[in-house]
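**Q** What follows is a single structure, and I will ask about it in a moment.
All of the numbers you see were taken from the coordinates with simple rules; none came from a lab. Remember, it's a predicted structure, so these values are computed and weren't measured experimentally. Don't worry about glycine lacking a Cβ; one is built from the backbone with ideal geometry, like all the others, and counts go over all protein chains shown.
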Amino acid sequence: MRAASMRRFLPCVLPVLLLAGCSAPEPWVKPYQRANLADPVMLDSRRGEAGNYIQHVYGARESARGAEGSSGGGCGCN
Amino acid sequence: MAVTDRRPATVALLWMLLLMATGAHGATLPEDKVDAFYHRYEGGGMTIDGPSVLVRKGAGNQVSFSGQYYVDSVSAASVDVLATASPYTEERTEYTLGADYLEGNSILSLSYTNSSENDYEANTLYLGISQEFFGNMTTLTIGYARGWDTVMEVGNDSFEEEADRQNYQLGISQVLTPNSVMGLDFEVVTDEGFLENPYRVNRYVDPSDPTNYLYQPERYPDTRTSVSAAVNGRYYLPWRASVKGSYRYFTDDWGIDAHTVELGYVHGLGPNWTLEGGIRYYSQDQADFYSDLYDYANSQTHLARDKEMSTFSGITFSAGVQYQWEQISVPGVDRLQLGLLVDYLDFDYDNFRDVTASGDYLPGQEPLYGFDAWVTRASVLFEY
C-alpha cells in the first residue's frame, strides 16, 4: 500500500525537487562549443525544400508513412 | 475519482515548469529566403516533373511568414495503368501558406496546404510547437495535422467521396557532445473514409475468360491507423564532414510492417562546396487483405492488388552537391546557393506480378514486377 502511494506521489515530487536544484543535471555542451553542430554539413536544412521532396516520392510508392518530420496532402501517384 | 483525473495534468504542468526553468533563450526563426527548385521523377512508366517556389519573409523579430507553390505534372503509363487502362497526363498544384511565431525559446508554427487535381482535392491544416530547453541541448517538437480529402473520378461526375486524416507527431532532438546529435521521432496517423483508389482494380481467377482471370474494383477498409517510430544520429568528423544514420519502424492495422534504414555522408570542400552521398533500404510486408490473384470474385471483404500493399523492398543511392556564395556582391542578397540532388531508386516486388510481361503465362505464373527510377532536383536558394 505504501509502495503504491509512493509510486503515485513520486512523479509529482520529483520535478519540485529538481526545481529546487537538488540534483538537476547541468547542460554539458555549452553554446560556444556548438560551432561544429551548426555547420551546414551537420544540417539537412542545407538542401532547402529540395531535400524534403524525396519524402513525397517515397510516400506515393511505399506504405510506411510518418516520423520523417514533414506533412502535406494529396499525391501525384498512380 | 476527480483527483485521479487531474493528476496527469498536474504532473505535466510541473514537468513543463521544470523544462522552462532550465531553458535558455536560443530558438531562432528561419532566415528570409527564396527557395526554388525543379524536380523530375522518371521510372516505372511514370514521368513527374515541375517547379517549386517557396518565399519566406519575417515581420519584426517574432514572426515569419512563408508561401509555397508546387506543381507535379504527371505523365502516367505505369504497370497498373497499362494493365487495364490507357496512359494519361494530369497536373497537381499545391499551395501552402504558413506562419511561425517565436516566443522566448518556443516556436509556434501554423500552416495550411491545398492540393488540387482534376480528380482529387486535399486540404491540410498543421499546428506545431517547438521548444528548446536544457541549455538549448534538447528540442521538443509536437505537431498535429488534420486533412480533409475529396476523392473524385474522371468520367463519373456522380462519384465523390471523402477521406479525413489526422497526424500526431512527437520529435526530440538531443545534443550529445560538441560533435554529435541524435533525434527520436514518433508519429501516429489515422485515416477515415474512402481510402482506396477509384481507378484501381484487382484480379481473380475466372476460367471462362480467355486470359483465365478477370478484374474487379478494389475495396479497402474505411479506417487505417499507423504508428511509426524513428531514431537518427549524426556525427561531425574532424575534416569538416559528417556521417548520419537512421532507422524507422512502421506498423499499421492493415497488417503492414516496414523497416527503413538510411546511411549518409556529407563532405565540406573549402568554404563553398558541399558534397554528399547516401544509401537507403526499405522493406515491407503485405497488407493482410492483399493478393496478386484472388481465387474467385469477391472472395473476401477487402480486396487490394496495389503493389504498394504487397511485400517488397527498395534501395536508393543518392548523391548531391551544393555551391554557395556567402559574400555576394548582389545588393540585398546575403547568401546564394545552387544545388543538385540525384537519387536512383530500385524496387523489387515479392508477390506482385507483371501482367504486362510478354509471353504466354498462366495466371499467377507471370514474372515478378520490379522497376527503377531516377529522381533529380536542381535548386536555387538565396537569403536576403
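**Q** With each run of n ≥ 4 DSSP H residues scored as -39500 (n - 2.57), what mean residue ellipticity at 222 nm is computed for chain B after dividing by its residue count and rounding to the nearest 500 deg cm²/dmol?
**A** -2000 deg cm²/dmol
**Q** The range B:155-292: percent of C-alpha pairs farther apart than 24 Å? Let's see the in-between values first.
**A** On the way: 5239 of 9453 pairs.
Tail of P(r) above 24 Å: 55 percent of Cα pairs.
**Q** Along the positive direction of the dipole of the protein assembly as shown (beta-carbon charges: Lys, Arg +1; Asp, Glu -1; about the Cα centre), which of B:A287, B:Q300, B:L140 reaches farthest?
**A** B:L140
**Q** Which whole-number percent of Cα pairs in the range B:230-325 have a distance greater than 17 Å?
**A** Percentage above 17 Å: 64.
**Q** In whole Å, what are the Cα extents of the range B:301-353 along the three principal axes, biggest one first?
**A** The Cα atoms of the range B:301-353 stretch 64, 25, 11 Å along their principal axes.
**Q** In whole Å, largest first, what are the principal axis extents of the Cα atoms in chain B?
**A** Principal extents (Cα only, largest first): 74, 66, 42 Å.
**Q** Under the Kirkwood approximation for Rh and a Cα-based Rg, what ratio Rg/Rh is obtained for the protein assembly as shown? Please report the intermediate quantities before stating the final value.
**A** Working: Rg = 24.8 Å, Rh = 24.7 Å.
Computed over Cα atoms, the ratio is 1.01.
**Q** If you line up the Cα atoms of the range B:74-182 on their principal axes, what length do they span on each, largest first, in Å?
**A** The principal-axis extents, from largest down, are 59, 28, 19 Å.
**Q** Continuing with the same structure: In Å and from the alpha-carbon atoms only, list the Rg and Dmax of the range A:21-66.
**A** 18.0, 52
**Q** Determine the shielding of peptide B:238-245 by partner chains: average, over its residues, the number of Cβ atoms on other chains within 10 angstrom of each Cβ.
**A** Going residue by residue through B:238-245 and averaging, the value is 2.
**Q** Tell me the relative contact order for chain B as a rounded percent, counting alpha carbon contacts under 8 Å between residues six or more apart.
**A** 12
**Q** Helix B:2-22 sits at what angle to the longest principal axis of chain B, using alpha carbons and giving 0 to 90 degrees rounded to 10?
**A** Relative to chain B, helix B:2-22 is tipped by roughly 50 degrees.
**Q** Listing A:W28, B:W254, B:W239 from the residue with the fewest other Cβ atoms within 10 Å to the one with the most, what is the order?
**A** Details: A:W28 13, B:W254 21, B:W239 7.
Lowest count first: B:W239, A:W28, B:W254.
**Q** From largest to smallest, what semi-axes in whole angstrom does the range B:333-374 give when each is the square root of 5 times an eigenvalue of its alpha carbon gyration tensor?
**A** Working: eigenvalues 357, 16, 7 Å².
Working through the eigenvalues yields semi-axes of 42, 9, 6 Å.
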